[in-house]
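For reference, the structure is listed below as structure tokens.
The values are calculated or read from the model by the stated rules, or taken from the named source; none is laboratory data. For clarity, every value in this text was computed on a predicted model and none was experimentally measured. Every residue, glycine among them, receives a Cβ derived from its backbone with ideal geometry; neighbour counts consider all protein chains shown. Quick note on the areas: whole protein, heavy atoms, side chains included, nothing else; ligands and nucleic acids left out. Shrake-Rupley method; radii C 1.70, N 1.55, O 1.52, S 1.80 Å.
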Amino acid sequence: MTSDLPGPFDALVGGEDGAAGDDRLSPTALDRSATTPTDGPLVAVDGVSVGYGDVGVLADVSLSVDSGEFVGLVGPNGAGKTTLLKSINGVLAPDSGSVRVADETVSTLSARAASRLVATVPQDTTVAFEFTVEDIVEMGRTPYHGRFSGDSDAGEAVERALERTETARFRDRSVASLSGGERQRVVLARALAQETPALLLDEPTASLDVNHQVRTLELVRDLVDTEGKAALAAIHDLDVAARFCDRLAVLADGDLLAVGPPEAVLTADHVGTAFDTDAAVLPNPVTGTPAVTPFSEPGDADLTVHVVGTGQRTARTVSVLSSAGATVTVGVVPSGDVAAATARELAAETVTAPAFAALDAERETAARDLLAAADAAVVVEPVAAPLRALVRDRDAVVRVAAADGSVPADRQSGERSYHSDTVTPETVLAGVRRALDRPVEADD
Amino acid sequence: METRVWATVWSVGLAGLLVAVVLVSATIGPVSVALPAVAKATLNAVGVPTGVSLTSGAVALFGATVSVPVPDLSYTYLFSLPVESTDETIVRGIRLPRIVLGATVGFALAAAGTVMQGFFRNPMADPSIIGVSSGAAVGAVATIALSVSGPFSIQAAAFVGAVVTAFAVYLIATEGGRTPVATLLLAGVAIQTFLGAVVSYLLLQAGESLEQALYWLMGRLHNAAWSDVAVTAPVALACVFVLGAYTRDLNALLLGEEDAHTLGIEVERTKRVLLAVSSVVTAAAVAVAGAIGFVGLVVPHMMRLLVGPDHRVLLPTSAIAGAAFLVATDTVARAGPVEVPVGIVTAALGAPFFLYLLRTREVHSL
């Protein structure tokens with residue numbers, strides 16, 4: 001009766017099969033328990049200041065990253081993003097403040113001990129030597145090798161990392177022969193082979209095309225969700241950062257401007273301050289996460305333009321006109337439409353209507369008033385007949401072709417004012433200027 | 001594991017090549033000796049050290065004679081095969097010491113060159129890049145020109161000059177506990193230039209011993225004795241063994257120092273060890289053989305083309321290939337009617353070969 005305890009423990013301990021299953025799972029399980037030694041965040045940056053010589057780069061920065069959390073570090077070039085990452089992985093020792101990872105102060109750890117806690121994917125992943133992919137990934141096991149002893153877990157860890165990053169199929173190829181996106185995944189695999197609770201990425205998507213950017217960040221997201229890693233990535237592209245990260249930290253000039261969920265952090269205000277530019281922040285119509293549209297500087301087009309239309313191309317048209325400096329009015333537009341959201345952010349005045357409702361007299365009058373006040377009208381095709389009717393009698397109407405380039409031909413009588421040429425959202429301003437310069441031709 | 005097998009296969013293969021080169025080399029000379037006799041005499045020369053005693057040696061220093069203790073090893077020989085005594089004397093007494101010393105020097109220089117190229121991530125790096133050879137030259141030429149004599153006096157002075165120079169370059173390039181590789185490289189070049197001036201001045205003062213000094217500068221193995229081997233070989237083997245323990249670190253350093261740090265390498269400490277050990281092994285080789293060029297530059301490149309950049313394979317194979325290369329070139333150096341210093345042969349053969357590699361393969365990417 002001493003060892004054969006019947007009861008609830010049986011289910012936990014299990015038979016032969018259960019034990020084998022436990023063995024197989026144990027590395028991950030151990031890793032996870034190692035990632036959460038206490039209640040505190042896994043990565044805790046506390047009042048860190050770093051300078052190079054007399055130049056201060058980070059001033060009193062505090063930030064935490066929990067296990068199972070993906071935090072994006074955004075900010076302009078030279079804001080100190082890379083410096084912050086380097087003070088977390090121990091490459092730089094902070095002048096003041098402390099960085100703790102898994103309750104260990106990084107600056108007091110040996111490189112070997114630190115590299116078992118934090119793995120880093122550097123910005124520059126070029127490897128000038130003919131190492132094979134497997135060689136590079138295997139280098140991730142360096143922290144576990146003794147000088148004269150091997151690392152018994154190496155094979156398994158390397159296999160898992162190759163598998164996870166889908167790099168196994170070119171394991172025997174030279175890294176020098178890979179494309180930028182493939183090489184990025186190989187270096188990520190190297191970081192995974194380190195089996196650390198924390199993962200840092202410095203501009204992991206900077207040199208990648210859209211497809212590889214999304215794949216890389218999806219993989220990081222997945223690692224955070226399934227393996228409970230704490231990930232901190234410096235990310236250039238604000239929209240991409242907003243889409244994949246749980247929280248964003250905006251770093252500008254060595255200061256943390258804001259930390260929080262993307263919707264709360266990515267405001268026109270913060271972006272404007274951090275990047276010293278004007279920007280519009282709108283939900284991305286596909287992902288629903290904030291999307292940032294920066295303007296280098298507002299143009300000086302001294303115009304009032306009324307835009308009629310719905311959907312993505314209308315939103316684009318509004319933003320192009322607005323960034324050119326034109327005063328934009330919009331309507332009538334359904335309140336849930338992406339164009340309505342853009343208009344709320346950028347337009348001087350907007351007439352919105354509930355979706356699918358018939359155009360009522362009050363809104364029609366409001367839209368006609370705005371049209372009358374505008375120098376030019378822009379119709380973003382295709383538009384519904386009642387909206388088309390709004391512009392029927394006025395001059396200087398420019399048509400933005402539909403996404404497929406088509407311009408509906410069904411002209412009702414009296415639509416005399418359409419200009420013969422059509423434009424895209426990007427060229428709408430030029431179209432408006434032409435329409436205002438040229439006398440209107442009757443039916444061409 | 002696979003890497004270890006790969007390294008072993010290559011090393012064993014090259015070791016076989018080395019043995020073959022040694023045996024063929026020992027047959028060549030003014031008197032040719034048949035290969036079987038060479039093989040037997042060589043086997044007879046294989047001994048294991050079984051005891052050590054101290055004898056006293058006299059060192060004449062600026063007129064005064066000082067007695068210094070010199071360790072003297074006694075050996076037990078494993079074989080006693082019947083060989084004609086003249087053959088045995090020629091092979092064992094004259095040719096083998098020179099061949100084994102050449103192999104040791106080639107082994108040391110190629111290993112140090114491999115480490116330096118990886119360390120500096122620079123294909124033009126060679127063992128003397130931080131001034132080791134120049135320092136050795138100053139020590140040796142000063143000893144020759146100032147007529148200091150004694151057992152190993154030239155070698156000792158060269159060795160001390162080499163180590164002191166390497167240490168000085170390291171100190172000059174170090175600031176706040178960090179030694180940037182680029183600074184080290186530039187400090188090495190500057191010190192080499194300065195020491196070159198010192199050597200030129202010493203040569204002007206050398207008088208009758210000018211010829212001896214020039215021969216030393218060209219690098220040569222003649223007059224090699226077993227005693228040279230006994231001093232150099234243990235140092236070379238021990239140093240290369242230590243470097244071998246750092247091959248994984250060298251691989252990580254190839255990725256850049258910051259990457260190496262995030263992979264758990266104590267970058268500055270590793271750099272110090274690699275610099276110190278490769279400087280000592282280069283100093284040991286240069287002290288007995290003079291400034292033999294190109295072995296430490298060309299051999300690692302050849303081996304990198306064959307076995308790839310992984311230092312776990314590259315270092316042992318380069319070292320053994322370097323041994324075979326220097327034995328072969330020294331055989332060429334002494335086979336002609338007039339013996340030429342082996343440094344001339346290594347440079348004359350090595351430079352065109354290097355240019356060939358440069359034009360046909362991608363040596364520029366290291």
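So in segment A:133-150, with the set limited to residues that are open to solvent by 10 Å² or more (accessible area, probe 1.4 Å) and more than 7 Å from chain B (Cβ to nearest Cβ), which one is farthest from A:D202 (Cα to Cα)?
Looking at the filtered set, the residue picked out is A:S149.
Does A:R215 qualify as being away from every other protein chain (no Cβ under 14 Å) and open to solvent by 40 Å² or more (accessible area, probe 1.4 Å)?
On the way: away from every other protein chain (no Cβ under 14 Å): yes; open to solvent by 40 Å² or more (accessible area, probe 1.4 Å): yes.
It is true that A:R215 is away from every other protein chain (no Cβ under 14 Å) and open to solvent by 40 Å² or more (accessible area, probe 1.4 Å).
Is it the case that B:V229 is away from every other protein chain (no Cβ under 14 Å) and closer than 16 Å to B:S128 by Cα? Can you show your working first?
Working: away from every other protein chain (no Cβ under 14 Å): yes; closer than 16 Å to B:S128 by Cα: no.
Here the answer is no, as B:V229 does not meet what is asked.
Could you identify the single residue in B:A156, B:A187, B:A206, B:A142 that is under 21 Å from B:M218 (Cβ atoms), open to solvent by less than 20 Å² (accessible area, probe 1.4 Å) and not polar (S, T, N, Q)?
Details: B:A156 fails: open to solvent by less than 20 Å² (accessible area, probe 1.4 Å); B:A187 fails: under 21 Å from B:M218 (Cβ atoms); B:A142 fails: open to solvent by less than 20 Å² (accessible area, probe 1.4 Å).
Checking each option against the conditions leaves just B:A206.
Residue by residue, here is whether (1) within 11 Å of another protein chain (Cβ to nearest Cβ); (2) outside any helix (DSSP H, G or I) holds:
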residue	(1), (2)
B:L253	yes, no
B:H261	yes, no
B:I265	yes, yes
B:R269	yes, no
B:A276	no, no
B:S279	no, no
B:A283	no, no
B:V288	no, no
B:L297	no, no
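The rows are residues; the columns are (1) touching a residue at least 12 places away in the same chain (Cβ under 8 Å); (2) of a type outside the set (S, T, N, Q).
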site: B:G16; (1), (2): no, yes
site: B:V21; (1), (2): yes, yes
site: B:V33; (1), (2): yes, yes
site: B:A37; (1), (2): yes, yes
site: B:K40; (1), (2): yes, yes
site: B:L43; (1), (2): yes, yes
site: B:G51; (1), (2): yes, yes
site: B:T55; (1), (2): yes, no
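Any residue in segment A:283-294 that is not assigned by TED's automatic domain parsing to the domain that holds A:D239 and at pLDDT 75 or above sitting within a Cβ distance under 6 Å of a residue that is open to solvent by 40 Å² or more (accessible area, probe 1.4 Å) and in a loop (DSSP other than H, G, I, E, B)? List the pairs, counting only those 6 or more apart or interchain.
Filtered contacts from segment A:283-294: A:A291/A:N284.
Has segment A:75-88 got at least one residue that is within 14 Å of chain B (Cβ to nearest Cβ) and within 23 Å of A:E227 (Cα to Cα)?
yes
Among the residues that make up segment A:109-132, is at least one of them outside any strand (DSSP E or B), away from every other protein chain (no Cβ under 13 Å) and not aromatic (F, W, Y)? If you could, list the steps in order and put the result at the bottom.
Taking segment A:109-132 first, the residues outside any strand (DSSP E or B) are A:109-117, A:122-131.
Pick out the ones that are also away from every other protein chain (no Cβ under 13 Å) and you get none.
No, because not a single residue in segment A:109-132 is outside any strand (DSSP E or B), away from every other protein chain (no Cβ under 13 Å) and not aromatic (F, W, Y).
Inspect all residues belonging to segment A:98-107 and state whether any of them is more than 10 Å from chain B (Cβ to nearest Cβ), open to solvent by 50 Å² or more (accessible area, probe 1.4 Å) and among the basic types (K, R). Write out each step before concluding.
So the first thing to find is which residues in segment A:98-107 are more than 10 Å from chain B (Cβ to nearest Cβ), and the list is A:98-107.
Filter again for open to solvent by 50 Å² or more (accessible area, probe 1.4 Å), leaving A:100, A:103-104, A:107.
Filter once more, keeping what is among the basic types (K, R): A:100.
Yes; the residues of segment A:98-107 include at least one that is more than 10 Å from chain B (Cβ to nearest Cβ), open to solvent by 50 Å² or more (accessible area, probe 1.4 Å) and among the basic types (K, R).
Need the failing condition index for A:T226 against (1) free of Cβ contacts under 8 Å to residues at least 40 places away in the same chain; (2) open to solvent by 30 Å² or more (accessible area, probe 1.4 Å); (3) within 25 Å of A:F275 (Cα to Cα), just the number.
It is condition (3) that A:T226 fails.
Looking at A:A161, A:A157, A:A176 in this structure, which one is open to solvent by less than 10 Å² (accessible area, probe 1.4 Å), over 16 Å from B:R248 (Cβ atoms) and in the same structural domain as A:R112 (by TED's automatic domain parsing)? Can you show your working first?
Numbers: A:A157 fails: over 16 Å from B:R248 (Cβ atoms); A:A176 fails: open to solvent by less than 10 Å² (accessible area, probe 1.4 Å).
The match here is A:A161.
From B:G244, B:G196, B:G176, which residue is over 30 Å from B:V91 (Cβ atoms), open to solvent by 20 Å² or more (accessible area, probe 1.4 Å), within 14 Å of chain A (Cβ to nearest Cβ) and in contact (Cβ under 8 Å) with a residue 40 or more places away in the chain? Step through it out loud before you land on a result.
Details: B:G196 fails: within 14 Å of chain A (Cβ to nearest Cβ); B:G176 fails: in contact (Cβ under 8 Å) with a residue 40 or more places away in the chain.
Selected residue: B:G244, the only one of B:G244, B:G196, B:G176 that is over 30 Å from B:V91 (Cβ atoms), open to solvent by 20 Å² or more (accessible area, probe 1.4 Å), within 14 Å of chain A (Cβ to nearest Cβ) and in contact (Cβ under 8 Å) with a residue 40 or more places away in the chain.
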